[in-house]
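The values are calculated or read from the model by the stated rules, or taken from the named source; none is laboratory data. As the structure is a prediction and not an experimental result, all values here were calculated from the model. When we count neighbours, we look across all protein chains shown, and the Cβ atoms used for this are built from the backbone with ideal geometry, even at glycine.
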Amino acid sequence: MAHRPIYVETLIRADPQTVWRSTQDPALHQRWDLRFTEINPTGGGRFRYATRILGLTVTGIGTHAGERRRTDGSRTSALRFASADPLSLIRSGSGYWRYIPTGDGTRFVTGFDYSTRWGAVGAIADLVFRPLFGWATAWSFDRLRLWLEDGIPPETHRLRGPRASRCARSPRRRRDGVAPGILDELEQP
């Protein structure tokens with residue numbers, strides 16, 4: 001079954017350095033991102049992650065790398081992730097974050113894709129999971145935006161504060177949805 005990679009973007013009225021720090025520091029990242037309960041660095045760009053949902057904990061590993069600055073002021077971070085946890089629908093995947101300075105702040109963009117496990121059952125489950133995962137990504141981006149723009153701590157948000165609908169879910173230009181070259185050089189987790 002063909003599927004589209006997940007794409008989310010938002011404009012955050014904060015400078016790229018602030019957005020970079022809030023997304024690259026694992027302690028800050030896990031505060032705003034609904035998809036992760038824990039993110040623990042293990043050294044050399046590697047990390048372990050855990051997600052708790054409905055009383056279950058799903059774990060995985062990843063590796064990441066980032067370009068700190070480009071001549072146009074933008075930045076890119078790439079990651080690969082995988083899970084050997086039999087509870088995880090996601091077997092492995094990869095993605096990127098882009099930080100693009102604008103006159104109003106930072107255009108924060110992600111694109112990622114993954115493969116599933118459980119054969120045909122996993123492919124069918126992904127028909128429900130993928131849209132939910134995209135929604136959780138967009139909701140989390142808006143949660144981050146509210147934190148950086150308005151100073152509202154992410155932990156005070158319930159599901160009703162941030163809104164996924166404030167984020168774009170399709171690339172505006174052809175190159176927006178293209179993975180960066182740094183991803184090709186990133187080792188598997």
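Odds and ends about this structure:
- Residues that are among the aliphatic types (A, V, I, L, M) and either under 23 Å from G161 (Cα atoms) or surrounded by fewer than 17 Cβ atoms within 10 Å (Cβ to Cβ) (or both) within the stretch 25-51 comprise A27, L28, L34, A50, listed in sequence order.
- The set of residues in the stretch 24-58 that are within 26 Å of L87 (Cβ to Cβ) and touching a residue at least 40 places away in the same chain (Cβ under 8 Å) comprises R31, W32, D33, L34, R35, R46.
- When each of S77, S22, S83 is tested for being surrounded by 15 or more Cβ atoms within 10 Å (Cβ to Cβ) and over 15 Å from the mean Cα position of the chain (by Cα), the lone residue that passes is S83.
- Residue, modelled with the lowest pLDDT, within the stretch 51-83, restricted to residues that are aliphatic (A, V, I, L, M) and in contact with a Gly (Cβ under 8 Å, 6 or more places away or on another chain): A65
- Residue match in the stretch 39-48 (condition: of a type in the set (A, V, I, L, M, F, W, C) and more than 23 Å from T156 (Cα to Cα)): yes
- When the strands (runs of 3 or more DSSP E) confined to the stretch 39-120 are screened for residues that are of a type in the set (D, E, K, R), those reaching at least 2 such residues are found at 46-53, 75-82, 90-102, 105-116.
- Test: residue in the stretch 146-162 that is of a type in the set (A, V, I, L, M, F, W, C) and loosely packed, with under 13 Cβ neighbours inside 10 Å: yes
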